[in-house]
């Protein structure tokens, strides 16, 4: 029996490399938000593998998006507010940068500002998430294939083109690569403000289709940053709407991945916001919490996966393990 258990653990620890990997992050999306959206037809229960992962780290206790996204992107804990640097300022290499250097196309997509903390932790190296002009410079230096989101206020057309990127303010086909698509001056309006233009899915569809026209594999990160905003505002209706907004996108991605067995889809959150209770609609705080968050996967999860640095290692195994 002991030998069988050992063999099971060893087999579970072996991660088969994926051709392409899609990481979806619901900013501020806790289990309670997902339960609320699942009642409305959310796709969460369709994933074959799931677990809970911790979001706290030794430096900051209650985390923010910068520190948690850095843990996912680099496998290293850092202080709140810092993007892919250590507390003493040392630059940390991200999984997205390694994917780029190994020849994969890399994309970052959000309905928040593209310079926001969650996407920025994958390409920027700054001691402050508030340093938007400097983060924009890091983006243009990244060499990633495709960016899409808000934050047009932080970029200039000429500088973007001089960095080798096409400048777009719409998602109409065809989208060439490399391209920066900046649809709003700041964040997207969201479903509650504008159901017509607040959907995340059309952005992701345009982005994925553009990436899949090129040769080779890719790594992309997709964020809904507006769940977090609703949590900070203690807006139960907003949390439900934006979690469903993300759920619509995840459902489309899941169907696509199921038709392409070489691909992997992971869905998680950076942290939980508000201490939301799906049954009562009540909140415990207007800030972040230390609650664990979900990790859903189309691929078997390692037994030892317990926090966001473990998620980073799992991403690297999916992307870079020998075939």
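Rule-based calculations on the coordinates, nothing more; no lab input. Predicted model only: the values in this text are computed from it and were never measured. Using ideal geometry, Cβ is built from the backbone for each residue, glycine included, and neighbour counts are taken over all protein chains shown.
With springs only between Cα atoms under 10 Å apart, run a GNM on the chain and tell me which of 227, 171, 22 wobbles the most.
It is 171.
May I ask you to order 271-281, 313-323 by the average number of other C-beta atoms within 10 Å around their residues, highest value first?
271-281, 313-323
Which residue fluctuates the most in the chain, going by a Gaussian network model with Cα springs under 10 Å, if the choices are 127, 195, 63?
Checking each option, the largest mean-square fluctuation is seen for 195.
Between residue 176 and residue 201, what is the spin-label point distance in nm, taking each point 7 Å from the Cα along the Cα→C-beta axis?
For residue 176 paired with residue 201, the spin-label model returns 3.1 nm.
Can you tell me how much longer the chain between residue 16 and residue 153 gets when fully stretched, taken as 0.36 nm per residue apart minus their C-alpha distance, in nm with one decimal?
Full extension of this stretch gives 45.2 nm more.
Would you look at the GNM of the chain, springs on alpha carbons closer than 10 Å, and say which of 172, 33, 124 moves the most?
Maximum fluctuation in the GNM of the chain, among the listed residues, is at 172.
Expressed as a rounded percentage, what relative contact order does the chain have, with Cα pairs under 8 Å and six or more residues apart?
Value for the chain: 33 percent.
Relative to the compact globular guide of 2.2 N^0.38 Å, what is the alpha carbon radius of gyration of the chain, as a ratio?
0.94
Extension gain residue 316-residue 169, at 0.36 nm per residue separation less the Cα-Cα distance, in nm?
49.7 nm is the gain from fully extending residue 316 to residue 169.
Add -39500 (n - 2.57) for each DSSP H run of 4 or more in the chain, then divide by its residues: what number comes out at 222 nm, to the nearest 500 deg cm²/dmol?
Mean residue ellipticity, 222 nm, calculated: -10000 deg cm²/dmol.
Once you place label points 7 Å from the Cα toward the Cβ at residue 59 and residue 130, how far apart are they in nm?
So the label points at residue 59 and residue 130 sit 1.7 nm apart.
Give me 223, 209 sorted ascending by neighbouring Cβ count inside 10 Å, so fewest comes first.
In order of increasing Cβ crowding within 10 Å: 209, 223.
Please give, to one decimal in nm, the separation of the simple spin-label points placed at residue 194 and residue 260, each 7 Å out from Cα toward the Cβ.
For residue 194 paired with residue 260, the spin-label model returns 2.9 nm.
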